[in-house]
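Worksheet: the structure to be examined is printed underneath.
The values are calculated or read from the model by the stated rules, or taken from the named source; none is laboratory data. What you see is a predicted model; the values in this text were computed from it and never measured. Please note: Cβ atoms are built from the backbone with ideal geometry, for glycine as well, and neighbour counts cover all protein chains shown. To get the accessible areas, we keep the full protein, side chains included, count just its heavy atoms, and leave off ligands, DNA and RNA. Shrake-Rupley method; radii C 1.70, N 1.55, O 1.52, S 1.80 Å.
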Amino acid sequence: MADKDTNNSENNKTPFWKKHFVSLFLFLLIIVGTVWALIERNQMIKEHKTEITTLKSIHQKEMDSMVLEKAKLLTSTLALAVRSELIDENKDQVDQYFIQVIKNPQVEKIMLVDQTSGEVMISTNRKDLQTKYTNSKLLKAKDVITEIEDNFITTASPVMGLNTQLALLVVKTKK
């Protein structure tokens, strides 16, 4: 009879999962919630990384365009100052303008080139004087144009007299 009591008591026992159903259900919810949160976190990190790289590339393009615009403005402004001095045939004053502008750490070199012969008339680098400027694209400039090479921006602007082109101003700046 004792054997029957033990068999009945074992049969009457409820399984572990039924006794602790609420606790097991809550534990399962915590695990599922944690896994879901980790997946969402990783997805959000990926989205933010792509957004950041997109914003960085847009920012870099804007900065590059601003640097190009700055180089064009510098060259066209300097060309106007040089124009008035060339009309008065005052090349010493043009050289003084160049010396003042070259003090800017972004400016690498400034040259005044005879557009017909290509000869460098005035330059901040004295080694360039009386040499030929060989960039034919810039020599033919009829308006302010820029050329990007490595880490430098070369900007050229024609210096116009009353009815003829007096020279070509070439400014090389760092990017």
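Quick one: is residue 112 crowded, with 18+ Cβ neighbours inside 10 Å and either touching a Leu at 6+ places or on another chain (Cβ under 7 Å) or not in a helix (DSSP H, G or I) (or both)?
Considered against the rule, which asks whether it is crowded, with 18+ Cβ neighbours inside 10 Å and either touching a Leu at 6+ places or on another chain (Cβ under 7 Å) or not in a helix (DSSP H, G or I) (or both), residue 112 comes out as yes.
Only residues that are in contact (Cβ under 8 Å) with a residue 12 or more places away in the chain, within 14 Å of residue 109 (Cβ to Cβ) and not hydrophobic (A, V, I, L, M, F, W, C): list them for segment 140-156, please.
147, 151, 154, 155
Would you confirm, using the coordinates I've provided, whether residue 149 is loosely packed, with under 14 Cβ neighbours inside 10 Å and either modelled with pLDDT under 90 or more than 16 Å from residue 76 (Cα to Cα) (or both)?
Yes: the conditions hold for residue 149.
Working only within segment 115-146, note down all residues that are within 23 Å of residue 80 (Cβ to Cβ), part of a helix (DSSP H, G or I) and either open to solvent by 40 Å² or more (accessible area, probe 1.4 Å) or of a type in the set (Lys, Arg) (or both).
Listed by number, the list holds a single entry, 137.
Exactly one of (1) part of a helix (DSSP H, G or I); (2) on the phi > 0 side of the Ramachandran plot is unmet by residue 98. Its number?
With respect to (1) part of a helix (DSSP H, G or I); (2) on the phi > 0 side of the Ramachandran plot, residue 98 is out only on (2).
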